[in-house]
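Peer 1: Structure provided below as structure tokens; questions to follow.
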Amino acid sequence: MIRVGVIGAGHFGREHARIYASSPDANLVLVCDLEESRARSVAENCGSQFTCDFHDLLGRVDAVSLAVPTISHQPIGCELLAAGVAVLVEKPIATTLDQADQLIAEALRSKTILQVGQLERFNPAVEAAAKIVNNPLFFEAHRLSLFTPRSLDIDVVMDLMIHDIDVVLAMAKSEVSEIRAAGVPILTSKVDIANARLEFRNGCVANLTASRVSGERVRKVRFFQPHEYVSIDYAAQEASSVRVSTRPSGKLDFDIRGLTVEKAEPLQLEIQAFLRAVEGGPVKVTGEDGRRALAIATEINERIREHATRAGVPLSQ
């Protein structure tokens with residue numbers, strides 16, 4: 001069994017600890033959080049020990065889920081990787097591209113696993129749709145959430161939109177050539193709702209909308225490719241396809257079908273993939289993948305800031 005730890009016992013950390021505790025392939029050794037009561041509570045619920053100092057994990061675990069605020073990903077992650085501890089870091093990989101580069105460089109230097117928690121890549125509906133992607137021409141994504149006080153250390157692009165950025169980058173398989181974006185703060189000093197238009201070198205276009213101040217919760221993406229339209233509902237884990245063909249008579253035929261989706265908890269699949277990678281398997285979402293998504297998210301925020309400056313809307317860093 002792989003000895004594992006969880007650093008950060010907040011919303012995501014609790015879920016990581018729960019899954020490790022129930023995994024036949026892992027032994028949850030330690031839960032770490034700066035707030036002792038929170039670390040103790042999660043550890044007791046999962047039958048493990050707790051600590052308030054992540055250094056206590058060194059030498060005692062083989063792998064760690066890093067679910068702390070984004071600003072702490074690089075310093076803690078690099079120290080873990082340097083000690084030979086495999087790291088599953090929550091998205092976004094880091095606050096800046098320089099920090100992401102340091103994580104990637106340390107993983108390479110120490111020959112240690114670094115996986116990024118881009119959760120939707122493990123969504124069974126996304127995996128089902130990925131099997132039929134051939135030449136996507138247009139993406140339309142909506143990720144809307146009710147307001148919560150969680151993750152207010154980052155803006156909505158880094159918090160929510162980055163999921164769709166990662167999925168679109170994986171499916172489009174092309175470099176982004178142009179980005180246009182706009183966004184505004186509503187309930188916080190950071191951007192709470194944003195829209196971005198990505199143009200790829202191969203001609204594909206993606207229109208992404210993310211909001212954490214919506215009146216409803218929506219998690220959907222659609223894409224169009226020659227003679228086919230594919231719809232994915234992340235939350236329901238459902239995907240469907242409409243294919244259009246032309247009969248010899250000239251009449252159009254529409255083949256509407258649901259894709260086969262084996263529903264499962266994406267986080268459990270993500271952690272299973274991480275544990276397999278620790279055992280020598282491939283890393284599904286690499287540090288480079290996480291950096292690429294961060295690079296696009298960073299440029300989207302730059303375009304948003306330019307737009308806000310022209311509109312006279314103040315934004316905090």
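Peer 1: From the C-alpha gyration tensor of the chain, pull out the three semi-axes of the equivalent ellipsoid (sqrt of 5λ each), sorted largest to smallest, in whole Å.
Peer 2: 34, 24, 18
Peer 1: What value does segment 266-308 have for Rg/Rh, both radii from Cα atoms and Rh as Kirkwood defines it?
Peer 2: That ratio is 1.25, to two decimals.
Peer 1: Also, quick follow-up: Tell me, what is a quarter of the convex hull surface for the C-alpha atoms of segment 183-266, in nm² with one decimal?
Peer 2: Averaged projected area of segment 183-266's Cα convex hull equals 8.8 nm².
Peer 1: Let me know the shape class of segment 27-162, please: from the alpha-carbon gyration tensor, a ≥ b ≥ c as square roots of the eigenvalues, rounded when a/c is under 1.5, otherwise prolate if a/b is greater than b/c, or oblate.
Peer 2: The shape class here is prolate.
Peer 1: Report the far tail of the P(r) of segment 125-164, meaning the percent of Cα-Cα pairs longer than 16 Å.
Peer 2: The answer is 52 percent, as a whole percent.
Peer 1: With Cβ to Cβ distances under 15 Å as the rule, what net charge do the other residues near Gln102 carry (K, R +1; D, E -1)?
Peer 2: -3
Peer 1: For Ser22 and Arg150 in one chain, what is 0.36 nm times their gap in residues minus the Cα-Cα distance, to one decimal in nm?
Peer 2: Result for the pair: 43.5 nm of gain on full extension.
Peer 1: Also, quick follow-up: Could you state the per residue volume, in Å³, of the convex hull enclosing the Cα atoms of segment 84-177?
Peer 2: About 148 Å³ per residue, rounded to a whole number.
Peer 1: What are the chymotrypsin sites (Phe, Trp or Tyr not before Pro) within segment 125-176 that DSSP puts in a loop, where the Cβ has at most 16 other Cβ atoms within 10 Å?
Peer 2: Here the chymotrypsin sites (Phe, Trp or Tyr not before Pro) that fit, given the DSSP loop and packing criteria, are Phe147.
Peer 1: In whole Å, how far is the Cα centre of segment 181-212 from that of segment 220-285?
Peer 2: Cα centroid of segment 181-212 versus Cα centroid of segment 220-285: 23 Å apart.
Peer 1: As a test, work out the antiparallel percent of DSSP beta bridges whose residues both lie in the chain, rounded to the nearest 5.
Peer 2: Of all bridge pairs located within the chain, approximately 60 percent are antiparallel.
Peer 1: Quickly estimate the mean residue ellipticity at 222 nm for the chain, helices only: each DSSP H run with n ≥ 4 gives -39500 (n - 2.57), and the total goes over all residues, rounded to 500.
Peer 2: After summing the helix terms and dividing by residue count, I get -10500 deg cm²/dmol.
Peer 1: Taking the chain as a Gaussian network, where each spring joins two C-alpha atoms under 10 Å apart, which residue of Ile132, Ile154, Ile162 fluctuates the most?
Peer 2: Result for the chain, Cα springs under 10 Å: Ile132 fluctuates most.
Peer 1: With an 8 Å Cα cut-off and a minimum separation of 6 or more residues, compute the relative contact order for the chain in percent.
Peer 2: 18
Peer 1: Return a whole-number percent for the relative contact order of segment 4-52, with Cα pairs under 8 Å and 6 or more residues apart as the contact set.
Peer 2: Answer for segment 4-52 is 38 percent.
Peer 1: Which loop-located trypsin sites (Lys or Arg not before Pro) does segment 190-281 contain, where loop means any DSSP state but H, G, I, E or B and the Cβ has at most 16 other Cβ atoms within 10 Å?
Peer 2: Passing both the DSSP loop test and the Cβ count: Arg201, Arg217, Lys251, Lys263.
Peer 1: Over the Cα atoms of segment 144-239, compute the convex hull volume and normalise it per residue, giving Å³.
Peer 2: 104
Peer 1: Let me ask you something else. Pairs Lys111/Lys263; Lys131/Lys284; Lys91/Lys220; Lys173/Lys284: which are spaced more than 23 Å apart, C-alpha to C-alpha?
Peer 2: Table pairs above 23 Å Cα-Cα are Lys111/Lys263.
Peer 1: Between the DSSP loop rule and a limit of at most 15 other Cβ atoms within 10 Å, which trypsin sites (Lys or Arg not before Pro) in segment 104-162 are left?
Peer 2: Lys111, Lys131, Arg150
Peer 1: In the chain, which longest range has no GluC sites (Glu not before Pro) that are both DSSP loop (not H, G, I, E or B) and surrounded by at most 16 other Cβ atoms within 10 Å?
Peer 2: 36-174
Peer 1: First check a/c for segment 194-317, with a ≥ b ≥ c the square roots of the eigenvalues of its C-alpha gyration tensor; if it is under 1.5, answer rounded, and if not, answer prolate when a/b is larger than b/c or oblate otherwise.
Peer 2: The shape class here is oblate.
Throughout, read-outs are computed from the coordinates displayed, never taken from laboratory work. In this text the structure is predicted, and so the values were computed from the model without any measurement. Reconstructed Cβ throughout: ideal geometry from the backbone, glycine too, with neighbour counts over all protein chains shown.
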